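The values are calculated or read from the model by the stated rules, or taken from the named source; none is laboratory data. Keep in mind that what you see is a predicted model, and the values were worked out from it rather than measured. Every residue, glycine among them, receives a Cβ derived from its backbone with ideal geometry; neighbour counts consider all protein chains shown.
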Amino acid sequence: MVDPPPSIIIVGAGLGGLALAALLEHINVSYVILERLTEVKANGAALFIPPAAANLLRQLGIYDQVKQKAKPCNSIDLFTEKRKHLFVLDFAHLATMSGAEGFIIPRSSLYEILLELIPTEKILRGKRVLSFVQGEGGVQVKCADGSVHESDILVGADGTYSAVRQNLYERLKKEGKLSVADQKPATFNCVCLTAQTYPLDPEAFPELSEPGCHYNNVVAQNKPYSWMTFTGKDNIVCWSVIQYLNKETSELNDSFRSTDWGSGLAEAMCREVQHFPIPGGNGKLTLADLIVNTPRDQIAKVTLEEKVFESWYGGRTVLLGNAVHKFHPAGGEGALCSLYDAVSLANWINVLETNTIAGLDIIFKEYVDERLPSAREALIHARNMASMYSRTFKATMARFISRNMPDFLWKTKITKSAADRSQAAFLPLIQDSGTVPPLFQPSLHKTLAILEAQAAAKKAMEDTAGTTSMTSTASTTSASSGFSGVSGSTTATTAPPVSVPQTRVYAERQQHNQHQQYQGPTLSSSTTSSIHSLPPAPFAPTLSSSSTSSLSAHVHTTHHHQHH
Ligand SMILES: Cc1cc2nc3c(=O)[nH]c(=O)nc-3n(C[C@H](O)[C@H](O)[C@H](O)COP(=O)(O)OP(=O)(O)OC[C@H]3O[C@@H](n4cnc5c(N)ncnc54)[C@H](O)[C@@H]3O)c2cc1C
């Protein structure tokens, strides 16, 4: 890690921003979150936490809390709007494959659990970021209240309508570095009404008494809607209604596309959909039974944009979460993707070697190389899932195929989801019991190798210093001062070579490889070569603090200047 450690401003205390902050708490950096809202407003309905996320939640020490607030979820039941059961989309195999259960948790509960990991003073509320300027000397962020904040790194975790992205893109466009695709706005074909009820009476909603989540999805025959309900802990029901738009309704809905989680237009949509039947209870329930039991100001209507942007960083600024990728919620991957962005970015920040734009460029590129392909896959997966619940011929075919898919084919289809188990390299690694080994995660493997090489180099230096001091006290000073000017790459040659299979993760992967049909990169040759092909200078372990950047002289921690 560069000395002094970098300072970071995270814009947005959403799931992605909070996850990054929770991870940064464990590494030697200073950070602050700028959030536009003055109070916590965690709207939304249910989030699916896939089994693959268990390792990360365990690393953060919040697995048990999540489990306490969530219900296990292993399937989706599809119904017609006459409440006739169509079939079950069963993903119970995921639990065995990943070594943990999947959960449905209210979005607000996950938000609150993450929030508890962050010291209160590190979240500055009522700070709507308007713009920023950046250069070799650092980043300067301006907020609507007139305050100015400075740091070495700016992370835009400010959601779908990201001001950080818009500012960055203006600059990239002027420099001729913005792709045509990134200049186009995100498209959307659906709007969604989403909320969670007050605690309900289990007599009227008997499914609430069961330990597992009932995730029911109703596919309409004659209307452009699908709607879903999820039973949660504490007798609450999360619910969402998706409207599939045509050209005309699309234009009507375009007008409110300026804020996320807006509740203003929710009322009208509630009136439109309240008579829609829902399964369960006495067989006569409708959405109205949920709507009347839901706090009105927490029912949100959102447009479901779908896009993965291509440019994720520029200069000292990097984007994560919904600021760079937005999926249809049917795939249940938006939150996980934001959390994994945070993990990858934190892994790389932890081994940042030079606090210059060139140094940041290298780690940001590594981050994007890992996360962009995953985001693209998630977009496709979400589209496929979304199309399954609509009324088109393609959707009918998709439902038919899912319903009749042989078990072995279904298992193959979900293998990738089970294997995508990201971990942070700087926290104790979790040894899971999944039957499908985790996917190769570049930010974990590469940064672990760097950390181990750094530790080995440090030990070698201590050993050398020890030996020297035993032979001559007078020469100690010259030996250590000789090291202090050694460049990273030179120092690396004094350390034992990075022995990849010695790392804990590689040992774990090797064990798995012995008995699995693992499709990812094999350990020995490909993994080693990918590590050896890392750019040598910036990542080579150093012993000294000689990498202090020009910026560090100017900005050491985040500064907050209030302009009156
Ligand atoms: C109906 C619905 C259901 C979903 N279901 C699932 C699911 O089952 N599984 C799943 O994985 N994902 C799901 N998602 C997606 C998931 O909620 C998002 O992907 C996730 O919340 C993204 O987190 P984020 O931190 O990137 O953005 P957000 O959560 O949007 O957070 C952005 C934050 O930035 C703040 N902000 C914005 N602009 C500024 C500014 N200028 N200055 C300062 N602060 C600012 C906002 O106030 C907010 O706090 C669902 C989404 C919807 C709409």
Next item on the list: Could you check, for region 52-68, whether at least one of its residues is in contact with a Ser or Thr (Cβ under 8 Å, 6 or more places away or on another chain), of a type in the set (S, T, N, Q) and more than 13 Å from the ligand (Cβ to nearest atom)?
Entry: yes
Margin query: Against the condition closer than 22 Å to Ala19 by Cβ, at pLDDT below 95 and outside any loop (DSSP other than H, G, I, E, B), how does Ile104 come out, does it pass?
Written below: yes
Check: For Leu304, are the conditions met, namely being more than 12 Å from the ligand (Cβ to nearest atom), over 16 Å from the mean Cα position of the chain (by Cα) and closer than 21 Å to Ala386 by Cβ?
Finding: no
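Kindly evaluate Asp341 against the criterion of being acidic (Asp, Glu), closer than 30 Å to Pro4 by Cβ and within 15 Å of the ligand (Cβ to nearest atom).
On the way: acidic (Asp, Glu): yes; closer than 30 Å to Pro4 by Cβ: yes; within 15 Å of the ligand (Cβ to nearest atom): yes.
Against the criterion (acidic (Asp, Glu), closer than 30 Å to Pro4 by Cβ and within 15 Å of the ligand (Cβ to nearest atom)), Asp341 qualifies.
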Checklist line | The listed residue being within 14 Å of the ligand (Cβ to nearest atom), touching a strand residue (DSSP E or B) at 6+ places or on another chain (Cβ under 6 Å) and closer than 30 Å to Lys284 by Cβ, out of Ile33, Ile49, Ile104 | finding: Ile104
Check: Checking Gly176 against (1) more than 23 Å from Lys84 (Cβ to Cβ); (2) part of a strand (DSSP E or B), which test does it fail?
Finding: (2)
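Evaluate the following for Arg296: is it assigned by TED's automatic domain parsing to the domain that holds His214 and either more than 25 Å from Ile76 (Cβ to Cβ) or buried (at least 24 other Cβ atoms within 10 Å of the Cβ) (or both)?
Values: assigned by TED's automatic domain parsing to the domain that holds His214: yes; either more than 25 Å from Ile76 (Cβ to Cβ) or buried (at least 24 other Cβ atoms within 10 Å of the Cβ) (or both): yes.
Yes, satisfied.
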Note to self: I'd like to verify a number: residues in region 314-332 that are touching a residue at least 60 places away in the same chain (Cβ under 8 Å) and within 8 Å of the ligand (Cβ to nearest atom), how many?
What the structure shows: 7
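Please determine whether any residue of region 13-23 is outside any loop (DSSP other than H, G, I, E, B) and under 20 Å from Phe230 (Cβ atoms). Steps first, please.
From region 13-23, those outside any loop (DSSP other than H, G, I, E, B) are 15-23; that's our starting set.
Those left that are additionally under 20 Å from Phe230 (Cβ atoms): 15.
Yes, region 13-23 contains at least one residue that is outside any loop (DSSP other than H, G, I, E, B) and under 20 Å from Phe230 (Cβ atoms).
At pLDDT 80 or above and assigned to a helix (DSSP H, G or I), is that true of Thr415? Break it down stepwise before answering.
On the way: at pLDDT 80 or above: yes; assigned to a helix (DSSP H, G or I): yes.
Yes: the conditions hold for Thr415.
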Margin query: Based on this model, can you work out whether Leu94 counts as on the phi < 0 side of the Ramachandran plot, in contact (Cβ under 8 Å) with a residue 24 or more places away in the chain and within 16 Å of the ligand (Cβ to nearest atom)?
Written below: yes
Next item on the list: Considering only residues that are closer than 17 Å to Ser151 by Cβ and within 12 Å of the ligand (Cβ to nearest atom), look in region 1-30 and name the one that is farthest from the chain's Cα centre (by Cα).
Entry: Ile9
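Give the residues of region 43-66 that are of a type in the set (Lys, Arg) and at pLDDT below 95, sorted by residue number.
Looking only at region 43-66, we keep the residues that are of a type in the set (Lys, Arg), and these are 58.
Matches in region 43-66: none.
Condition first: within 21 Å of Ile414 (Cβ to Cβ) and outside any loop (DSSP other than H, G, I, E, B). Now tell me which residues in region 326-337 satisfy that. Write out each step before concluding.
Kept after step one, since they are within 21 Å of Ile414 (Cβ to Cβ), are these residues of region 326-337: 327-337.
Matches in region 326-337: Pro329, Ala330, Gly331, Gly334, Ala335, Leu336, Cys337.
Being buried (at least 23 other Cβ atoms within 10 Å of the Cβ), more than 18 Å from Ile118 (Cα to Cα) and not acidic (Asp, Glu): is that true of Ala19 here? I'd like the intermediate steps shown before the answer.
Values: buried (at least 23 other Cβ atoms within 10 Å of the Cβ): yes; more than 18 Å from Ile118 (Cα to Cα): no; not acidic (Asp, Glu): yes.
When the stated conditions are applied, Ala19 does not pass them.
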Note to self: Quick check on region 442-463. Is at least one of its residues modelled with pLDDT under 50, outside the structural domain of Leu23 (by TED's automatic domain parsing), of a type in the set (Val, Ile, Thr) and under 23 Å from the mean Cα position of the chain (by Cα)?
What the structure shows: no
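Looking at Phe400, Phe408, Phe426, Phe393, which is the one that is closer than 21 Å to Asp369 by Cβ and either touching a strand residue (DSSP E or B) at 6+ places or on another chain (Cβ under 8 Å) or not aliphatic (A, V, I, L, M) (or both)?
Residue meeting the stated conditions: Phe426.
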Checklist line | Which numbered condition Leu78 misses (of (1) within 11 Å of the ligand (Cβ to nearest atom); (2) of a type outside the set (S, T, N, Q); (3) surrounded by 18 or more Cβ atoms within 10 Å (Cβ to Cβ)) | finding: (1)
Margin query: Here are the criteria: (1) part of a loop (DSSP other than H, G, I, E, B); (2) over 16 Å from Val11 (Cβ atoms). Tell me which single one Asp158 does not satisfy.
Written below: (2)
Item checked: Output for region 24-67, where each listed residue is touching a residue at least 40 places away in the same chain (Cβ under 8 Å) and part of a helix (DSSP H, G or I) -> Leu24, Pro51, Ala52, Ala53, Ala54, Asn55, Leu56, Arg58, Gln59, Gln65, Val66
Next item on the list: State whether the residues of region 349-367 include one that is of a type in the set (A, V, I, L, M, F, W, C), touching a Lys or Arg at 6+ places or on another chain (Cβ under 8 Å) and surrounded by fewer than 23 Cβ atoms within 10 Å (Cβ to Cβ).
Entry: yes
Next item on the list: Give region 416-441 a look and list any residue that's surrounded by fewer than 17 Cβ atoms within 10 Å (Cβ to Cβ) and more than 18 Å from Val343 (Cα to Cα), or say none.
Entry: Lys416, Ser433, Thr435
Next item on the list: Could you please give the count of residues in region 128-164 that are within 14 Å of the ligand (Cβ to nearest atom), charged (D, E, K, R) and surrounded by fewer than 24 Cβ atoms within 10 Å (Cβ to Cβ)?
Entry: 3
